[in-house]
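Quick note: the coordinates plus some simple rules give every number you see, no bench work behind them. Since we're looking at a predicted model, the values are computed, not measured. Cβ placement follows ideal geometry from the backbone for every residue including glycine, while neighbour counts extend to all protein chains displayed.
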Amino acid sequence: MRTVALFSAVPAIVFAVALVEYGVKDGVVMLGGPSGDYRNPLHCGCVTQMVVVSVDDADAHYERARAAGAKILAAPADQPYGDRAYRAEDLEGHRWSFHHPIGTPAPEDWGAQRAASG
């Protein structure tokens, strides 16, 4: 449950240890512990995914997470694709990115290419 406090989420329901349901604004995020041969990123020594979460203010969110002892991987910074974001890692080694929009640059301005339509 420490991860919950670090990232300022509020658990709505906890089912045993296998499943946690979070209320996030008008939505719900459910996180579950897989069974079988699952190994978390800290166990396997690799990065397996990154959860990207939109927040109202990435800087304020960062300050709360840092003050609570979160493992910060990258402090808030403006990204070329129009977001301000920071990255953190939870207690099992999963990567999280928290961001808010700061602009809408054209994809070509930050190195992306538009896919051909049709």
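The trypsin sites (Lys or Arg not before Pro) of region 65-109 include none that meets both criteria, a DSSP state outside H, G, I, E and B (loop) and at most 12 other C-beta atoms within 10 angstrom of the site's C-beta.
If you bin all the Cα-Cα distances of region 62-118 at 5 Å, starting from zero, the percentages per bin are 4, 18, 20, 17, 14, 10, 8, 5, 2, 1.
For region 21-103, the alpha carbon positions stretch 43, 30, 27 Å along the principal axes, listed from largest to smallest.
Less than 5 angstrom separates the built amide H of residue 53 from those of 97, 98, 99, all sequence-distant by 5 or more or on a different chain.
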